[in-house]
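As structure tokens, the structure follows; a few thoughts come after it.
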Amino acid sequence: MDRLDYLDHAVVLIEHEHVQPPRPTLDEVRSYLRGAPFHNWAENARRFASCDVLDPKDHKSYLRALLYPARFIYSWIRGGVASNDEAVAFLPGRAPRGLDIDLITHALQCRHAESDPVALFSARKLLLTQVEACARLVVE
């Protein structure tokens, strides 16, 4: 049976119901973010800050650790999810005190250029400050 014969015999089910599950409230989003997402990122950030060398297998996760504050802050304030681009663009004027927006912007540029994040590894100790800045949101 060729493709056209198959299509002639196929049964197609079409569902027209649009299901919109209820969106979580801002309080629910914040409760979720202050739990495992924040703690896992903070632990990972501390691990990178204490490393002497960036292993090639950790390149992607290091960039994620650098970019996470932007997405965290976007979700904390807006209650939704955004792309890295949108989240980084959202930061100016909204970032908590002490957050290094330039570091996040450089990480985004590195991701776009598909560059080696080793060039950003010298800034790894700043991850501790990034954690502290985001932690201020969690406790406020």
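The values are calculated or read from the model by the stated rules, or taken from the named source; none is laboratory data. Keep in mind it's a predicted model, so treat the numbers as computed, not measured. Backbone-built Cβ (ideal geometry, glycine too); neighbour counts: all protein chains shown. All accessible areas refer to the heavy atoms of the entire protein, side chains included, with ligands and DNA or RNA removed. Shrake-Rupley method; radii C 1.70, N 1.55, O 1.52, S 1.80 Å.
Quick notes on this structure:
- Meets criteria (among the aliphatic types (A, V, I, L, M), part of a loop (DSSP other than H, G, I, E, B) and either in contact (Cβ under 8 Å) with a residue 60 or more places away in the chain or over 22 Å from VAL29 (Cβ atoms) (or both)) for VAL53: yes
- Annotation for region 111-131: at least one member residue is in a helix (DSSP H, G or I), crowded, with 17+ Cβ neighbours inside 10 Å and of a type in the set (D, E, K, R).
Rundown of residues vs (1) modelled with pLDDT of 95 or more; (2) under 19 Å from HIS112 (Cβ atoms); (3) open to solvent by 40 Å² or more (accessible area, probe 1.4 Å), yes/no style:
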site	(1), (2), (3)
LYS57	yes, no, yes
SER61	yes, yes, no
TYR68	yes, yes, yes
ARG78	yes, no, yes
LEU91	yes, yes, no
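- Residue, nearest to SER75 (Cα to Cα), within region 15-33, restricted to residues that are loosely packed, with under 10 Cβ neighbours inside 10 Å and within 26 Å of the chain's Cα centre (by Cα): ASP27
- Which numbered condition LEU108 fails, given (1) touching a residue at least 40 places away in the same chain (Cβ under 8 Å); (2) closer than 21 Å to CYS51 by Cα; (3) crowded, with 16+ Cβ neighbours inside 10 Å: (2)
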